[in-house]
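Working notes, beginning with the structure itself.
Just so it is clear, none of the values below were taken in a lab; they were calculated from the coordinates. Source: prediction; values computed, not measured. Here the Cβ positions follow ideal geometry from the backbone for every residue, glycine too, while neighbour counts run over all protein chains shown.
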Amino acid sequence: MIKVGIIGATGYAGQELVRLIEQHPKAETVTLTSQSYAGESYDKVYSGYAHKSYVCEEEDIEKMADECDVIFLALPHGVASKKVNNDILNKVKIIDLGADFRLQDIEVYEKWYTTHYSKDILPEAVYGLCEINRDKIKGKRIVGNPGCYTTCSILSLYPLVKEKMIDLSSIIIDAKSGATGAGRGLSLPNHYCELNESVKAYKIASHRHTPEIEEQLSYAAGEKVVLSFTPHLIPMDRGILATCYALLNNNYSYADIRRAYEKYYDNEYFIRLTREGVFPETKWVKGSNFVDIGFTIDERTGRVIVIGAIDNLFKGAAGQAVQNMNILFGLEEKTGLDYIPIFPA
């Protein structure tokens, strides 16, 4: 059994990790830590675990490195890079659900986030978008688990960028997320009365997932990609829908574009291409690790419109982290993740 430690186990993504590891046939939880609830039983935070005897512990990453095979870090940005060093990595594998090991360009990271404290380690970190980077993930000591918006946006556009079917300067991503994407901490914009019966754009032209999407699509294109990304907050618990627009480079048919997606995703279990004329909805991926992708051609404008849907806590966070763990330890990739979406919910 893979021995697992989770630092930051009482956030939404951390709780989802606990749930997935609890049901994973090849892994077991050794340590759960929480800064806010140290010493408390886990079911006092999440009553759904009343049948379990988990206790939130004070964090001691050195001790955890001796006891665990892998540690998941479910922490705010800027924290993980202070904790991870070569001594830790010589003992245990790290999967960071935060932003600290996603971006390879340190100047870009520090422009959009904060000071990075593990610059010596960053070059060996691999971006854990499994369907694209699984061969790079194998054998690594540290994985930067992708963000939720980025997972949905990159996978939605990757085949078109890779095959040079779209004008890279024309990409616009309009994405919408449920409230859990903002985390579990208290904040006025996420109060019920502020969020309910409303939809709003936020961090317009300044969201921190923008450089992550640009960096990964630039690798795919073999040239620099600059795009427009606008996130929206909608009054639901979980889910992301990304609507992506781009000008086509040629008079492609639906079948041409479909072949491009099938070339890259036909053997990807967790990526589902919808039928022509059918477009993804968040309710069809809720509680699962699936990514649903559909598209159409707007012949009037010469644009392709691609729509992707994921569960932000599952494929956008904890599910993908477990998928990365499976790759790191040589397991069948869908082990412990093969859940049919929950409906209705």
* Whole-Å distance, taken between Cα centres, linking the stretch 162-197 and the stretch 8-23 -> 22 Å
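Report the equivalent ellipsoid semi-axes for the stretch 2-135 in whole Å, largest first, defined as the square roots of five times the eigenvalues of the gyration tensor built from alpha carbon atoms. Mind dumping the intermediate values first?
On the way: eigenvalues 138, 51, 42 Å².
For the stretch 2-135, the ellipsoid semi-axes come out as 26, 16, 14 Å.
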* Asked: How much mean residue ellipticity at 222 nm does the chain get from its helices, if each DSSP H run of length 4 or more adds -39500 (n - 2.57) and you divide by all residues, to the nearest 500 deg cm²/dmol?
  -> -7500 deg cm²/dmol
* Under 22 Å Cα to Cα from Lys93, which lysines show up? Leave out anything in the same chain fewer than 8 places away. => Lys3, Lys26, Lys63, Lys82, Lys83, Lys119, Lys136, Lys138, Lys140, Lys315, Lys334
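At a Förster distance of 30 Å, what's the computed FRET efficiency of Tyr46 paired with Thr274, Cβ-Cβ distance as r, to 0.05? If you can, show how the numbers build up before the last one.
Working: r = 34 Å, r/R0 = 1.12.
Calculated value: 0.35.
Remind me, relative contact order of the chain in percent, using alpha carbon pairs under 8 angstrom and six or more residues apart? Walk me through the intermediate numbers first.
On the way: 741 pairs, mean separation 60.1, N = 345.
With pairs under 8 Å counted, the relative contact order is 17 percent.
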* Structure fact -> Given the candidates Pro231, Thr243, Ala260, the one whose Cα lies deepest towards the positive end of the charge dipole of the stretch 149-310, counting +1 at each Lys or Arg C-beta and -1 at each Asp or Glu C-beta, is Pro231
* Tell me the label-point distance for the pair Leu188, Glu332, using the 7 Å Cα-to-Cβ offset, in nm and rounded to one decimal. => 5.2 nm
* To do: Of the options Ser170, Leu122, Ala50, report the single residue whose Cα projects farthest towards the positive end of the charge dipole of the chain (beta-carbon charges: Lys, Arg +1; Asp, Glu -1).
  => Ser170
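So what is the relative contact order of the stretch 151-231, in percent, for Cα pairs below 8 Å that sit 6 or more residues apart?
Working: 71 pairs, mean separation 38.2, N = 81.
Relative contact order for the stretch 151-231 comes out at 47 percent.
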* What is the gain in length, in nm to one decimal, between Glu58 and Asp105 on full extension, counting 0.36 nm per residue of separation less the C-alpha to C-alpha distance? -> 13.7 nm
* Structure fact -> Computed about the Cα centre, the charge dipole of the chain from +1 Lys/Arg and -1 Asp/Glu charges at the Cβ has a magnitude in debye, to the nearest 20, of 400 debye
* Asked: Ordered by packing density, taken as the mean number of other Cβ atoms within 10 Å over each peptide's residues, highest first, how do 146-153, 30-37 rank?
  -> 146-153, 30-37
* Structure fact -> Rounded to the nearest 10 degrees, the helix 12-22 long axis (Cα) sits at an angle to the longest Cα principal axis of the chain of 70 degrees
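Taking other Cβ within 10 Å of each residue's Cβ, how do Ile310, Ile271, Ile6 sort, fewest first?
Values: Ile310 35, Ile271 20, Ile6 30.
Ascending Cβ contact count within 10 Å gives the list Ile271, Ile6, Ile310.
Just want to confirm a number: the relative contact order over the stretch 178-291, from Cα pairs under 8 angstrom separated by 6+ residues, in percent.
Values: 84 pairs, mean separation 31.8, N = 114.
Worked out over the stretch 178-291, it gives 28 percent.
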* Structure fact -> Residues other than Gly287 with Cβ under 11 Å of its Cβ, Lys/Arg counted +1 and Asp/Glu -1, net out at +2
